[in-house]
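To start, the structure under review is shown below, and the notes come after it.
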Amino acid sequence: MQQSSLNESQRGEILKAITKTVAKKFYDPQSAHEDWDAAVDRHRSEILSASSDEEFEATIAKLLAELKSSHMGFYHSGLARCTCKMALCAVYSAGSTADGPRWIFQDVHEGGPAAGAGIRSGDALIAVEGRSFRPPDHPLFAMGSTLTIEVSTLDGRPRTHRVSIPFVKVKRNQLPKVEPNPLVSARRVAESTGYVRIASYPGAIGIDVANDISHALQNLGPIDRLIVDLRGNSGGGIGVLRVMSLLTPDKLVVGTFSNGVLKSTQEMPNGSFVFNEIPVTKRGLIPLAFRFFTRLLTHKLIGKKMPITVVTEGLGDQLFHEKVVFLVDRHTASANEMLIAFAREHKLAKIVGEPTPGRVLGGNKFKLPYGYWLALPVGSYKTRGGDFIEGRPMPPDVEVPFDAREAQKGRDTQLDMALQVVRQL
C-alpha cells in the first residue's frame, strides 16, 4: 500500500479546515447533519491514523457522507484517482450475479474508455488490476493509466479488458474528467423520429455542447418526434439551456437565481441580469461579460444583490414540439433534473425510464491546506410550487427499470418503451 505523504498533524489541519468550511459555506447549514461536530469526533481517530493518502481520502469521504447531500467531494490538486464515471465514461449500480452482489454497468457512453475497451451495459465488474470489488466498495481509476478490468456476464462468463484512460489536464481547483467523444450523438430511430443522446454539459457557459446539440438535430433533417436520451448524464453547466430552448418556440422564464437558490418562476424581478442566449463562439462571451459586470456594478453601488434570471433562447418552431420524450435513469442528475422539472411545469415532454436520483444542488470548491480541495453544495433549486427537489427522486411518467439481462442480449427495453410513448404523442 502506498505510504502517506501527510503526517498526523497535517491530517488534523485539513480536518479542522473541512469542519470550519462546512459550517460556513454549506448551502443550508440547518439541513446539515444535526450533530456535525459529533460526526467529526466519531471519524477523527480513523482520519488521523490513516496509513496512506488514499485511505485518508476515503475516511474523509465517509465523514462527508454524514451530511447526506449531493455535490460533495474531497480531492488533491494533483489527483490521479477518479471514479468510474469520471475516468471511464460509464456508471454502474449494485445488482445480483451468479456469484453474489456486484456492480453492474448500466450506462456506458459511446466514445469513452470503457466502451472503447469493449465493456458493455449489463456487464458485472469483478476486479480492477486483480483486486476484487463488491458493493459498497468502489474502485478508483488512475488518470493516464492502462488498467486490466475483469468483468463477467450475469451468469458468470468472464472477460478481461485492457482499458486506457487518457490524462486530462485541468485547472487546479477542478476534478479531472474524461469526456466521451462524441459528447452528443444522434440518429433516426424511425422514419420521422429522431434520437439524441447527451453525455453531459461541460463548461460554465456550455458553448461547445450547445453547438453540438443544435448541429446534431440539424443533421437529422426534418423530424416530427424526438427522444432525448439523458441516461448516465450527471449534469454540468448552463449548456442545458439549449435543450430547454429546443422544447419551446417562446422565451420562457426558467427561474431566477438569488441568495443561493434558483427558483422556478414566471416573473422577472426588476434589475435582473437576464441570461437568455448561449453564444455561438467564445467571442460572444465578451458582450455577455460586459453586460453582466455593468449590471453587477450598478447593484453594488446601491447596496443590493443582483438576481440572475434564466430565460429560454426563443429558437422558433420545431416540428417535434409537444412530441418529445426524455429517457432518464437513476444516474440522470443535477441540471437534468431542473430540465425535467421545467418540461413538466410547461407540459413540453414525457419522461420514460427510472426515477432520477434527486441530486440537484449547485456546487463550489474551497481550498484546503496541503493542496487539497473541498467540493460543497452552495445553492439549490425550488419548483414553482415552492418545493426543494434535492433528495427527492423525480418519478418518470412511464417507469421502466433497467434490465441487465436484456442489455447483455443487446436489447434496450427503456428505449423500446420511449419509442412506444413518443408514437402516441
Quiz item: If you check Leu175, Leu147, Leu154, which single one turns out to be in a strand (DSSP E or B) and on the phi < 0 side of the Ramachandran plot?
Solution: Leu147
Practice problem: Please name all residue pairs, on different chains or six or more residues apart, with Cβ atoms under 8 Å, provided the first residue is in segment 14-31 and is at positive phi and the second residue is modelled with pLDDT under 90 and charged (D, E, K, R). | Solution: none
Practice problem: Among the residues of segment 12-26, write down those that are under 22 Å from Ser49 (Cβ atoms) and open to solvent by less than 20 Å² (accessible area, probe 1.4 Å). | Solution: Ile14, Leu15, Ile18, Val22
Self-check item: Qualifying positions in segment 206-219 - within 18 Å of the chain's Cα centre (by Cα) and open to solvent by less than 30 Å² (accessible area, probe 1.4 Å)
Solution: Gly206, Ile207, Val209, Ala210, Ile213
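Conditions (1) more than 16 Å from Gly237 (Cβ to Cβ); (2) at pLDDT 90 or above, marked per residue:
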residue	(1), (2)
Gly255	no, no
Ser272	yes, no
Arg291	yes, yes
His299	yes, no
Gly303	yes, no
Asp317	yes, yes
Val328	yes, yes
Leu348	yes, yes
Exercise. Take the residues in segment 225-252 that are part of a strand (DSSP E or B) and at pLDDT 95 or above, then tell me which one is farthest from Gln318 (Cα to Cα).
Key: Asp229
Quiz prompt | segment 374-389, residues that are of a type outside the set (Val, Ile, Thr) and either within 19 Å of the chain's Cα centre (by Cα) or buried (at least 21 other Cβ atoms within 10 Å of the Cβ) (or both) | solution = Leu374, Ala375, Leu376, Pro377, Gly379, Ser380, Tyr381, Lys382, Phe388
Practice problem: Identify all residues within segment 332-353 that are among the charged types (D, E, K, R) and surrounded by 24 or more Cβ atoms within 10 Å (Cβ to Cβ); write none if there are none. | Solution: Glu337
Quiz item: Among Asp397, Asp416, Asp387, Asp403, which is the only one that is of a type in the set (Asp, Glu) and touching a residue at least 40 places away in the same chain (Cβ under 8 Å)?
Solution: Asp397
Quiz item: Which one is nearest to Phe292 (Cα to Cα) among residues in segment 184-205 that are modelled with pLDDT under 95, of a type in the set (Gly, Ala, Ser) and within 26 Å of the chain's Cα centre (by Cα)?
Solution: Ala204
Exercise. Please name all residue pairs, on different chains or six or more residues apart, with Cβ atoms under 6 Å, provided the first residue is in segment 152-163 and is closer than 13 Å to Thr97 by Cβ and the second residue is in a loop (DSSP other than H, G, I, E, B) and open to solvent by 10 Å² or more (accessible area, probe 1.4 Å).
Key: Asp155/Ala98; Gly156/Ala98
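Collect the residues in segment 253-275 that are within 24 Å of the chain's Cα centre (by Cα), assigned to a loop (DSSP other than H, G, I, E, B) and surrounded by fewer than 18 Cβ atoms within 10 Å (Cβ to Cβ), keeping them in residue-number order.
Initial filter on segment 253-275 (within 24 Å of the chain's Cα centre (by Cα)): 253-265, 275.
Then drop every residue that is not assigned to a loop (DSSP other than H, G, I, E, B), which leaves 259-260, 264-265.
Passing the criteria: Asn259, Gly260, Thr265.
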Quiz prompt | Where Asp329 falls short, out of the listed (1) under 11 Å from Thr248 (Cα atoms); (2) open to solvent by less than 10 Å² (accessible area, probe 1.4 Å); (3) not polar (S, T, N, Q) | solution = (1)
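For (1) modelled with pLDDT of 90 or more; (2) part of a helix (DSSP H, G or I); (3) not hydroxyl-bearing (Ser, Thr, Tyr), each residue gets a yes or a no:
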| residue | (1), (2), (3) |
| --- | --- |
| Ser9 | yes, yes, no |
| Lys16 | yes, yes, yes |
| Thr19 | yes, yes, no |
| Val22 | no, yes, yes |
| Val40 | yes, yes, yes |
| Glu55 | no, yes, yes |
| Leu63 | yes, yes, yes |
Quiz item: So Gln424 fits all but one of (1) among the polar types (S, T, N, Q); (2) crowded, with 18+ Cβ neighbours inside 10 Å; (3) at pLDDT 95 or above; what number is the exception?
Solution: (2)
Quiz item: Do we have any residue at all in segment 190-197 that's open to solvent by less than 50 Å² (accessible area, probe 1.4 Å), in contact with an Asp or Glu (Cβ under 6 Å, 6 or more places away or on another chain) and assigned to a loop (DSSP other than H, G, I, E, B)?
Solution: yes
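Against the condition acidic (Asp, Glu) and either more than 29 Å from Glu337 (Cα to Cα) or assigned to a loop (DSSP other than H, G, I, E, B) (or both), how does Asp107 come out, does it pass? Talk me through it step by step, then tell me what you get.
Values: acidic (Asp, Glu): yes; either more than 29 Å from Glu337 (Cα to Cα) or assigned to a loop (DSSP other than H, G, I, E, B) (or both): no.
So Asp107 does not fit the description; no.
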Quiz item: Are there any pairs with C-beta distances below 6 angstrom linking a residue in segment 288-314 that is among the charged types (D, E, K, R) to a residue that is open to solvent by 70 Å² or more (accessible area, probe 1.4 Å), with the two at least 6 apart or on different chains, and if so which?
Solution: Glu313/Glu277
Practice problem: Could you identify the single residue in Ala50, Ala127, Ala117, Ala65 that is surrounded by fewer than 18 Cβ atoms within 10 Å (Cβ to Cβ), more than 18 Å from the chain's Cα centre (by Cα) and free of Cβ contacts under 8 Å to residues at least 60 places away in the same chain? | Solution: Ala127
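The values are calculated or read from the model by the stated rules, or taken from the named source; none is laboratory data. Predicted, not measured: the structure shown is a model, and the values here were computed from it. As a convention, Cβ positions derive from the backbone with ideal geometry for all residues, glycine included, and neighbour counts pool all protein chains shown. Just so you know, the surface numbers come from the protein's heavy atoms only, side chains and all, with ligands and any DNA or RNA stripped out. Shrake-Rupley method; radii C 1.70, N 1.55, O 1.52, S 1.80 Å.
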